[in-house]
Amino acid sequence: MIIIYCIVTLLTFLGMEGITWLTHKYVMHGFLWYLHKDHHNPEGHLFEKNDAFFLIFAIPSWLCIMLGLQHQLYYTASIGFGIALYGLAYFIVHEVIIHQRLKWLGRSNNKYIKTIRWAHKMHHKHLNKEEGESFGMLLVAKKYWDKVKRDQALQKVNSNS
């Protein structure tokens with residue numbers, strides 16, 4: 001049975017990318033722009049109002065884990081663990097790797113990391129809630145992969161010159 005719970009956790013983790021995309025596009029860049037605005041227009045504080053979105057995902061995750069384990073509803077707990085794992089991935093990718101709000105890692109030459117950083121940079125070039133792009137986190141559109149590939153090819157040509 002444990003394998004089923006692991007699969008539910010993994011499927012929840014994967015599904016969170018779509019939920020995050022929808023939440024980012026229609027909630028953060030929609031009716032809760034007030035909370036997200038300071039992420040696009042930083043005010044120089046360690047914490048942003050945008051950090052409150054952590055609770056939008058943390059509370060359901062915690063409730064699913066707590067209530068699922070208390071009532072032996074292990075599918076529910078597995079969903080909570082999937083949300084929590086995605087939250088951890090989000091924290092590492094968004095806060096540590098992309099924005100480097102915590103200086104745990106240096107710059108990377110990894111193609112995937114360069115691609116997610118470029119996609120996020122393109123997201124942040126829009127300072128208002130309209131006309132945004134690249135609302136996901138882990139999955140990146142082909143055009144960003146192509147851009148990084150072109151940049152790497154150009155760097156290789158320039159280094160050989």
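The values are calculated or read from the model by the stated rules, or taken from the named source; none is laboratory data. Remember, predicted model here, so these are calculated numbers, not experimental data. Ideal geometry is used to build each Cβ from the backbone, glycine not excepted, and the neighbour counts take in all protein chains shown. Surface areas here come from the heavy atoms of the whole protein model, side chains and all, with no ligands, DNA or RNA. Shrake-Rupley method; radii C 1.70, N 1.55, O 1.52, S 1.80 Å.
Give me the pairs: first residue in the range 123-142 and open to solvent by 70 Å² or more (accessible area, probe 1.4 Å), second residue at pLDDT below 90 and among the polar types (S, T, N, Q), beta-carbon distance under 7 Å, and six or more apart or on different chains, which are they?
Going by the 7 Å Cβ cut-off, the qualifying pairs are Leu127/Asn41.
Exactly one of (1) part of a helix (DSSP H, G or I); (2) closer than 21 Å to Thr23 by Cα; (3) aliphatic (A, V, I, L, M); (4) open to solvent by 60 Å² or more (accessible area, probe 1.4 Å) is unmet by Val157. Its number?
All conditions pass for Val157, except number (2).
Pick out, from the range 1-117, the helices (runs of 4 or more DSSP H) lying fully within it that include 3 or more residues that are touching a Cys at 6+ places or on another chain (Cβ under 8 Å) and of a type outside the set (Asp, Glu).
Details: elements: 2-23, 33-40, 53-70, 74-90.
Qualifying helices (runs of 4 or more DSSP H): 74-90.
Examine the range 86-96 for a residue that is exposed (fewer than 14 other Cβ atoms within 10 Å of the Cβ), under 24 Å from His120 (Cα atoms) and in contact (Cβ under 8 Å) with a residue 24 or more places away in the chain, and state whether such a residue exists.
Within the range 86-96, none of the residues are exposed (fewer than 14 other Cβ atoms within 10 Å of the Cβ), under 24 Å from His120 (Cα atoms) and in contact (Cβ under 8 Å) with a residue 24 or more places away in the chain.
For Met66, which of the numbered conditions (1) over 30 Å from Ile3 (Cα atoms); (2) touching a helix residue (DSSP H, G or I) at 6+ places or on another chain (Cβ under 8 Å); (3) not acidic (Asp, Glu) fails to hold?
(1)
Report yes if Leu55 is of a type outside the set (Val, Ile, Thr), farther than 30 Å from Gln152 by Cβ and modelled with pLDDT under 90, otherwise no. Even if it seems obvious, please write down each step before you answer.
Values: of a type outside the set (Val, Ile, Thr): yes; farther than 30 Å from Gln152 by Cβ: yes; modelled with pLDDT under 90: yes.
It is true that Leu55 is of a type outside the set (Val, Ile, Thr), farther than 30 Å from Gln152 by Cβ and modelled with pLDDT under 90.
Provide a single number: the residues in the range 31-73 that are open to solvent by less than 40 Å² (accessible area, probe 1.4 Å) and among the β-branched types (Val, Ile, Thr).
Here the count works out to 1.
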